[in-house]
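In what follows, a single structure is set out as structure tokens and then discussed.
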Amino acid sequence: MKYLVEYVRLQVLELVRLPSFLLPMARFPVLFYLTVGLRTEQPAINTLYNYAAFAMLGTAMFQFGVGIAANRNDPWNAYLLSLPASPRQRIAA
């Protein structure tokens, strides 16, 4: 368990040092609260569309864009693939 906590800590530290991760992480919550907090004539429909748009943009930006770019440029990922751990353990960590 000690190794898992240390691994997670190092992964978070690595992500915080990447501007491509840190800047969208600071901007998206602000955009989310601005769009959801707007008052309109049809609040239910507007809120539904805002949640859907935020979910799609968040997934596209973080998971696909930033994650793939960071993994391609990271020699640590190649090292992790050489370790005797299953993919399930890497995902859980």
* Which condition does Pro24 not pass, out of (1) under 24 Å from Ala93 (Cα atoms); (2) at pLDDT 80 or above, if it passes all the others? -> (2)
* For Leu13: the one exception among (1) surrounded by 12 or more Cβ atoms within 10 Å (Cβ to Cβ); (2) at pLDDT 75 or above; (3) assigned to a helix (DSSP H, G or I) -> (1)
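Does Tyr51 satisfy being exposed (fewer than 13 other Cβ atoms within 10 Å of the Cβ) and among the hydroxyl-bearing types (Ser, Thr, Tyr)?
Details: exposed (fewer than 13 other Cβ atoms within 10 Å of the Cβ): no; among the hydroxyl-bearing types (Ser, Thr, Tyr): yes.
In short, no.
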* **Hits in the range 30-87 (condition: in contact with a helix residue (DSSP H, G or I) (Cβ under 7 Å, 6 or more places away or on another chain), closer than 19 Å to Arg17 by Cβ and polar (S, T, N, Q))** => Asn71, Asn77
* To do: Mind telling me which of the residues Val8, Val30 ends up being within 22 Å of Ala93 (Cβ to Cβ), out of contact with any Asp or Glu (no Cβ under 9 Å at 6 or more places or on another chain) and of a type outside the set (Gly, Ala, Ser)?
  => Val8
* Structure fact -> Taking the range 17-48 and the residues there that are assigned to a helix (DSSP H, G or I) and in contact (Cβ under 8 Å) with a residue 40 or more places away in the chain, the one that is surrounded by the most Cβ atoms within 10 Å (Cβ to Cβ) would be Phe21
* of a type outside the set (Lys, Arg), assigned to a helix (DSSP H, G or I) and modelled with pLDDT of 80 or more: does that describe Tyr79? -> yes
* Asked: Within the range 85-92, is even one residue surrounded by 12 or more Cβ atoms within 10 Å (Cβ to Cβ), part of a helix (DSSP H, G or I) and among the aliphatic types (A, V, I, L, M)?
  -> no
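The values are calculated or read from the model by the stated rules, or taken from the named source; none is laboratory data. All of these numbers come straight from a predicted model, not from anything done at the bench. Glycine also receives a Cβ, built like all others from the backbone with ideal geometry; neighbour counts cover every protein chain displayed.
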